[in-house]
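Working notes, beginning with the structure itself.
The values are calculated or read from the model by the stated rules, or taken from the named source; none is laboratory data. The model shown is predicted, which means the values in this text are computed figures rather than measured ones. Heads up, the Cβs are rebuilt from the backbone with ideal geometry, glycines too, and the neighbour counts pull from every protein chain shown.
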Amino acid sequence: MRIQIASLVLALTMLPFSAAHACDMPVAPPTPDGNSATLDDMISAQGEVKAFQAANAIYLECVDDQMTAEKASIDEGDDSAQERYALAAADYNAAVSREEQVAADFNTAIRAYKAANPD
C-alpha cells in the first residue's frame with residue numbers, strides 16, 4: 001500500500017515536468033556540402049529542410065500551447081509555473097534559432113553548389 005501511495009505521489013510531482021516535455025522537437029537535417037553535392041543531393045536536402053520546417057512549426061505550436069497553459073497557471077497563483085514558462089519560452093526561442101540556422105546553412109550550400117556548377 002505504501003509503495004502505491006509513494007508511486008502516486010511521485011507521478012503527481014513529475015506531471016508538470018513531463019507535461020513540459022511533451023512536445024517532440026524535430027531533428028535538424030544535415031547540410032550538404034554544396035561544393036561537392038550533386039543536383040539530386042541538393043534537391044533531396046531541400047526536401048529534408050522543408051520537412052524539418054513543417055515539423056518545427058508543429059513543435060513551436062505545441063510549445064506555444066504549453067506557454068499559454070503555464071501563463072494561465074501563473075495567473076492563478078501557481079508560483080512554480082513561472083519556471084516552467086521560462087523553460088518553455090527558452091525552448092521556443094531555441095527552436096526558432098535552430099530553424100533560422102538550418103535555413104542559413106542550406107542557403108550557403110546552395111550558393112556553394114551554384115559556384116561549383118555555373119552552367
Legend entry - Any hit, segment 24-34, residues being of a type outside the set (Val, Ile, Thr), surrounded by 12 or more Cβ atoms within 10 Å (Cβ to Cβ), part of a loop (DSSP other than H, G, I, E, B) and touching a Cys at 6+ places or on another chain (Cβ under 8 Å): no
Inset, instruction - For segment 44-55, state whether one or more residues are of a type in the set (A, V, I, L, M), part of a helix (DSSP H, G or I), within 23 Å of the chain's Cα centre (by Cα) and closer than 16 Å to CYS23 by Cα. - result: yes
Legend entry - Residues satisfying the stated conditions in segment 70-119, i.e. within 18 Å of the chain's Cα centre (by Cα), free of Cβ contacts under 8 Å to residues at least 12 places away in the same chain and farther than 30 Å from ALA45 by Cβ: ALA86
Legend entry - GLN66, sole failed condition from (1) without any contact (Cβ under 8 Å) to a residue 24 or more places away in the chain; (2) surrounded by 13 or more Cβ atoms within 10 Å (Cβ to Cβ); (3) more than 16 Å from PRO29 (Cα to Cα): (1)
Inset, instruction - State yes or no: is GLY77 small (Gly, Ala, Ser), modelled with pLDDT under 95 and part of a loop (DSSP other than H, G, I, E, B)? - result: yes
Inset, instruction - Looking at (1) surrounded by fewer than 11 Cβ atoms within 10 Å (Cβ to Cβ); (2) of a type outside the set (A, V, I, L, M); (3) closer than 30 Å to ALA115 by Cα, find the lone condition where SER44 falls short. - result: (1)
